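Below: one structure, written as structure tokens.
The values are calculated or read from the model by the stated rules, or taken from the named source; none is laboratory data. Every value quoted in this text rests on a predicted model; they were computed, and no experiment measured them. We place every Cβ from the backbone using ideal geometry, glycine too, and count neighbours over all the protein chains shown. Please note that ligands, DNA and RNA were not included when accessible areas were found on the heavy atoms of the full protein model with its side chains. Shrake-Rupley method; radii C 1.70, N 1.55, O 1.52, S 1.80 Å.
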Amino acid sequence: MISLHLPALQVVVPLISAPLCVLLRRGFGAWLLATVIAWTAFAISLALLAQVLSDGALSYKMGGWAAPWGIEYRIDRLNAFMLVIVAGIGALVMPCAYHSVAREIAPERQHLFYAAFMLALTGLLGIVITGDVFNLYVFLEITSLASYTLVALGADRRALRASFQYLVLGTIGATFILIGIGLLYMVTGTLNMADLAARIPALQELRPVRAAFAFIVVGAGLKLALFPLHLWLPNAYTYAPSVVSAFLAATATKVGVYVLMRFIFTVFGARFAFEMMPLGEILMVLGLLAVMVGSLVAVFQTNVKRMLAYSSIAQIGYMALGISFASVNGLVAGIVHLFNHAAMKGALFLALACVFYRLGSVELDAMRGLGRRMPLTMATFVAAGMSLVGVPLTVGFISKWYLVVAAIESGLWPVAVIVLVASLLALVYIWRVVEVAYFREPDGDAPEVTEAPAAMLVPTMALAAACIYFGIDTELTVGVATEAALSLLEGGP
Amino acid sequence: MSDLLILRIVAKLLIPYILLFGLYVQTHGDFGPGGGFQAGVIFASGFILYALVFGVANARRVVPPRLMATLIALGVLLFAGVGLAALLMGGNYLEYAVFADQPARGNHIGIWLVELGVGITVSAVMLTIFLTIAGRGR
Amino acid sequence: MIEAMPPGLVLIAGAFLLPATSGVARKALVLALPLATLGLVWSIPDGPALTLVFLDYTLTPVEGSRLGRLFATAFALMAFAGGLYAVNQARVVEIAAAFAHAGSAIGVAFAGDLVTLFVFWELMIIGSTLVIWSAGTDSAYRAGMRYTLVHLFGGIVLMIGIIGHIAETGSVTFEAMHADSLSRWLILAGFLVNAGAPPLSAWLPDAYPEASPSATVFLSAYTTKTAVYVLMVGFAGEGVLVWVGLYMVFYGIIYALLENDMRRILAYSIINQVGFMVTGIGIGTQMALNGSAAHAFAHIIYKGLLLMSAGAVLHQTGKRKCTDLGGLFRSMPITTVCGIVGAMAISSFPLTSGFVSKDMIGQAAGDQLLALVWFLLAAGSAGVFLHAGIKFPWFVFFQKDSGLRPPDPPWNMWAAMSLFAFLCIGLGVYPAPLYAMLPYAVNYVPYTSAHLVFQFQLLLFSGLAFFLLLPQMKRTLTLTLDFDWFYRHFLPRLCRAVASRGSETRRRVEHATMTRIRLVLEPFFRFHRPEGILARSWPTGGATVWVAVLLAVTLVIYYWQGAR
Amino acid sequence: MSADVPKDDAHKHWLVRTKTIRRLWILFIAALAVTVLFDFIVDRHGRFGLDATFGFPAWYGLLTCVAMIIGAKALGTVLQREDTYYDHE
């Protein structure tokens, strides 16, 4: 009985918890509630994935109104997979949040933090689950507003400015998407994705459709921080509270990529996007630039959080590149990397949260000799970092492999070379941290620190373990990604 | 501003009607122009007028921030709770038709409750934003 | 489906276990793991022993073959002797890393498909880098970093090649191929980077001698010899390898002759020896391949022995430059004898393992009537004696008295040396077991009077040349530039000149670029902001400009597409 | 070799005494002669003509080694640097 309503509950459960967090007024109570809810949402997402894998795509009519008039929640393999990523990261971040938030956020604001966090989770899950483009926009705004708040809660004064910048650019992005949706509605008279997909092929010569495509691609590009629309990201990730960086880095941009994929493949169709419009070329150029520029800039950062933020830009470039091939292997690379990058960036940022919890800083200089003082945290960082580099038997290798396969299939040898050379750059910037942590002696006046509390360490290590486990057993990730890629390329949801 | 006698009297006269109009828009939104969002804004504007004329400090006594926060949360809860109630009564989420034996009646109840939730939240948010901005620099 | 475990995994798993143990248990483990691996190596039958599905491909992580078993045996033996040599002196992280490195090399030797091969290939890089770093010095750290980057670059080339090969043929099996397409050329190039072939050969003498005494012993065995193994399986008879190999032979000799650091002399001689093997692979007849395989086996042992004796000297004296050493035979007789045995073996003196292995390659060149190759190989053989056979023992143990009187090293070190010295002589006297392991039936008799006379004349007169020109060989405090100059000196300089603020080059480049950019964009930006400088003052505004530009560009492109 | 003959020869290790070294040289030259003389007894069937000439391995080994040493020296004048060359990377 309840399994019929899982699609609704996936969004509603975290939604209800947000006001409850406000009503609880206590940091601890709100944290407990949020943690339980996050794990519940994770369980729901797993159940949904199992359901989709066994029975195929699900459809849920909100309010009982049939599509295309009512809002439809439609779950196929791609978004079931995305739900697991988002909810899973949320569930793993919450246990860490208790200590980290207690250190970084004033007590009277903690319950509000958890409320905003739950709203962000709700929004992200909603974006992913819905089959209605306007509903998607609404959830996009919920996520964005909650994220601006979360970023602004950072202890550093600069967090406010970062948040404001994020707000301005995020709003532009959301507005572009809204304009695109409006144009589509004007031409087709429908907001349901499946319905849109059925109507657009007949209308694709129309200029409003083309304009809508441009607006949506650029708007989604802003949301997912596609180079050169990434300028909001480094500051937001650097100055946000540690767990927020971990959560947003692992989920928000991935959901942006999902939105882009959904619009390109499901709504507009691969033929329109790649054959009539030169989207492939645009994404490829921007993706390659992102990979190179992001990695290069990361090499020169001294704040490790900032370094990882730039690395995220590069990693998003990989995903854009994967999409740009418009081939099965390219899409598999993109989709698998959604998962893989979520796992490794989540682990890396959570490890930094541990470091910040003990050190009060994530500057490279402050981390001298940390390998001996926080061995587990740094070992986790190294494991996830190796994954970022793409060492075999880690998830990074799997993504890299498919990306190179896709590039070579398309005869684009130079692209393959750039992808792999950029992974050398990843080695360089990850290695700067390792060098400092393991091969440098701490300053004389460095504070004595010990290992981070278990509640923070365990989720961090779990994510790092996932980086290795799914690098060896690829059946779930690659299997789901392959089927999702096939159905995306066939068009239609 | 407290010296402006005419303003104070006119405001005292107007505020009840503004609130009443807000409630009208709220309760008739399901079959006339209006709804929770508009009603919430109108309702909040009554208090905002009060704050403009009688001072923010007085307004804060009337609508304490803690109360506002609670109301925001309660409004959202009401909205989401109605949806859940529909679910518990055997419908889909937000499927109000199950609230009564006749679908039209059920829809009526459901929409009314949901709009109430929206109204509460919107007016509380409006007031919070106004008071927060007005309170800056003091 | 699991019928056999990859034998290398024993060592890799053991590597993770080692740091958790201590005392006698650790020592026992260090000695037992390689022996267990050796047992497992010989339990793998010919043919695929394990298949599994990974990334849509059916992989054969374990596939037994005669050649793979030969190399794996040598690798396991090396792990045992190296473990014995290091057990009391080295840091545990070094032994653990070395075992991981050895295990990955054994993994390559049993890899039946290209994906498995690549995975172990990259693991080898990680293991060896950690081995280098475990020395804990700053110079080891830097050299290790350069080592990793060169090898990861090689790994990239290999990975693109492998993926291209799989895309072209649809097969992941690792089998004989020819360098007839770009992807297979890339595979060949990736293999050759690990073999120490030009131009990327400087990593070897750069990195190995920076490691600790025992670590260099480990390092000498695996990376280059796995490259020899994969070349032998994949590219036997590839003509270009003959010339690559000969280049390596003489490159090793010339650079070793100029070198002052005793372990760098031996590092160059690794390249020289691998050059012989690569030449044999290029010739590609059964005789040549047997020769290369046998020589690789013998080489692992005598090069290990040479580096053990050099390591013993370094461990006892703390000095590594020929200019600081000399006359050590007085107080280190065991080390001296072992060093000389190793030197004889590398020079293929009769009754040593080199004698029964190396000349198979020359013989093969002769049989194929490759006159130039044959003459060059003969000259190379003479040169080996010159640069490693005499030069190393002479400058370290004899020449002038340096005044140092260190005793022989601790028992476990000399026990390991004695074991390898015994094997060098044993295989030279009784080569039958080695010949029995070779991939093809052996049709070669090493001990003929003609061969003996030839070898004695060649070697003794090379020795004469050495002593006659001894004044020319006087060691100096120098190093010799190599290709690594480009990435150690030239590129950093270039980057610094361009990247550092305030440098003249950068200022000029920036000025020129900015002038041009302003010329184009000035009107546009002035329209938006009177002060006219982009992102610095107000990044949000700058970002918004980007959004506008991108939107405008896409819109224009899409409209233009529509208008067509 | 003879440049470093010390005065108190008897105090040195027997292997580095001037007398021993002279004996070793005599032994070495004798060995050289014997190996070349073996060419009369043993038939080293050459394949390429040149390698069948009398004492080929001897003169070939000597000449190539001298050539390699001179070649290395020549290259060294161009490529050798102080061994602290890379220290200020």
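When the helix-only estimate is applied to chain C (DSSP H runs of n ≥ 4, each -39,500 (n - 2.57), divided by the residue count), what is the mean residue ellipticity at 222 nm, nearest 500 deg cm²/dmol? Write down the numbers at each step before the final one.
On the way: 23 runs with 390 residues, N = 564.
That calculation yields -23000 deg cm²/dmol at 222 nm.
The 3J(HN,Hα) values that the Karplus relation (6.51, -1.76, 1.60; θ = phi - 60°) gives for region A:30-41 are, in residue order, 4, 4, 4, 4, 4, 5, 4, 5, 4, 5, 4, 4 Hz. Gly and Pro appear as x. Per residue, the solvent-accessible area of region A:278-493 (1.4 Å probe, heavy atoms of protein chains only, all protein chains present) comes to 29 Å². The label point for residue C:469 and the one for residue D:47, both projected 7 Å from the Cα toward the Cβ, are 2.7 nm apart. Peptides B:70-78, C:230-238 ranked from most to least packed by the mean count of surrounding Cβ atoms within 10 Å: C:230-238, B:70-78.
Before anything else, pin down the relative contact order of chain C: Cα pairs under 8 Å, at least 6 apart, normalised by residue count, whole percent.
The value is 13 percent.
Seen against the Cα atoms of chain C and their longest principal axis, helix C:539-563 is set at about 80 degrees. Which shape class, rounded, prolate or oblate, goes with region C:191-276 when its Cα gyration tensor gives a ≥ b ≥ c as root eigenvalues, a/c under 1.5 marks rounded, and past that a/b bigger than b/c marks prolate? Since a/c reaches 1.5 but b/c is at least a/b, the shape of region C:191-276 is classed as oblate. Computed over protein heavy atoms with a 1.4 Å probe, the carbon and sulfur contribution to the accessible area of the protein assembly as shown reaches 68%.
Amide H contacts of residue C:481 (H built 1.01 Å from N, in plane; Pro and chain starts excluded): D:80, D:81 sit under 5 Å, all sequence-distant by 5 or more or on other chains.
The residue list A:96, C:51, A:111 was ranked by how far each Cα lies along the charge dipole of the protein assembly as shown toward its positive end, using unit charges on Cβ atoms, and A:111 comes out on top. Assuming charge only on the beta carbon of Lys and Arg (+1) and of Asp and Glu (-1), the dipole of region C:10-166 about its Cα centre is about 480 debye to the nearest 20. Full extension of the chain between residue D:26 and residue D:11 yields a length gain of 3.1 nm, computed as 0.36 nm times the residue separation minus the alpha carbon distance.
Think of a 1.4 Å ball rolled over the protein heavy atoms: region C:233-292 then has 16 Å² of accessible area per residue.
The Cα trace of region C:93-186 gives Rg and Dmax of 15.1, 46 Å, the first to one decimal, the second as a whole number. Under the simplified labelling scheme, the residue C:493-residue A:445 pair shows an inter-label distance of 4.0 nm, with each label point 7 Å from Cα along Cα→Cβ.
Peptides C:157-163, C:544-550 ranked from most to least packed give C:157-163, C:544-550, packing being the mean of other C-beta atoms within 10 angstrom over each peptide's residues.
Secondary structure note: in the protein assembly as shown, about 95% of the DSSP beta bridges are antiparallel. Converting phi to 3J(HN,Hα) with the Karplus coefficients 6.51, -1.76 and 1.60 and the offset θ = phi - 60°, region C:345-357 yields 5, 5, 7, 6, 6, x, 6, 10, 5, x, 5, 8, 10 Hz in sequence order, with x at every glycine or proline.
Remark: region B:32-138 carries 50 Å² of accessible area per residue (probe radius 1.4 Å; ligands, DNA and RNA excluded). Please identify which residues in region B:69-92 have an amide N closer than 20 Å to a label point set 7 Å out from the Cα of residue B:129, following the Cα→Cβ vector. Backbone N within reach: B:69-77, B:79. Specify whether the C-alpha gyration tensor of chain D places it in the rounded, prolate or oblate class, a ≥ b ≥ c being the square roots of the eigenvalues: rounded for a/c under 1.5, otherwise prolate if a/b is larger than b/c and oblate if not. Taking the square roots of the gyration eigenvalues as a ≥ b ≥ c, chain D is oblate.
Estimated from helical segments only, the mean residue ellipticity of chain A at 222 nm is -26000 deg cm²/dmol, where each DSSP H run of four or more residues counts as -39500 (n - 2.57). Among B:117, B:90, B:29, the largest mean-square fluctuation in a Gaussian network model of chain B, built with springs joining Cα atoms closer than 10 Å, belongs to B:90. Counting only the Cα atoms, chain C fills a convex hull of 213 Å³ per residue. Total buried accessible area between A and C, probe 1.4 Å, nearest 100: 4500 Å². Taking both sides together, the accessible area buried where D meets C is about 4700 Å² for a 1.4 Å probe. Annotation: amide H-H contacts under 5 Å for residue C:50 (H modelled 1.01 Å from N, sequence separation of 5 or more, or interchain): C:62. Between the helical axis of B:103-134 and the longest alpha-carbon principal axis of chain B there is an angle of about 30 degrees. Could you estimate the translational diffusion coefficient of region A:313-405 from the Stokes-Einstein equation, with Rh from the Kirkwood formula over C-alpha pairs, at 20 °C and 1.002 mPa s, in whole µm²/s? After rounding, the answer is 152 µm²/s. Mean partner shielding of peptide C:161-167, defined as the number of other chain Cβ atoms within 10 Å of each residue Cβ, is 5. Magnitude of the charge dipole for the protein assembly as shown, about its Cα centre and with charges confined to Cβ atoms of Lys, Arg (+1) and Asp, Glu (-1), is about 3220 debye.
Taken as Cα centroids, region C:86-163 and region A:197-251 sit 40 Å apart, rounded to the nearest whole angstrom.
Remark: relative contact order (chain A) = 15 percent; criterion is Cα-Cα distance under 8 angstrom and separation of 6 or more residues. Model label points for residue A:379 and residue D:67, set 7 angstrom from Cα along the Cα-to-Cβ axis, are 5.8 nm apart. The slack in the chain from residue C:20 to residue C:66, taken as 0.36 nm per residue of separation less the alpha-carbon distance, amounts to 13.0 nm. A full extension of the chain between residue C:324 and residue C:43 corresponds to an added length of 96.3 nm, given 0.36 nm per residue minus the alpha carbon distance.
Between 0 and 90 degrees, rounded to the nearest ten: what's the tilt of helix A:6-24 against the longest Cα principal axis of chain A? Compared with the principal axis, the helix lies near 50 degrees.
Counting Cβ atoms of other protein chains within 10 Å of each Cβ in D:29-36 and taking the mean gives 4. Is the shape of region C:1-235 rounded, prolate or oblate, going by the alpha carbon gyration tensor and its root eigenvalues a ≥ b ≥ c, with a/c under 1.5 for rounded and a/b larger than b/c for prolate? Because a/c hits 1.5 or more and a/b fails to exceed b/c, region C:1-235 counts as oblate. Here the relative contact order of region C:98-254, from alpha carbon pairs under 8 Å that lie six or more residues apart, stands at 27 percent.
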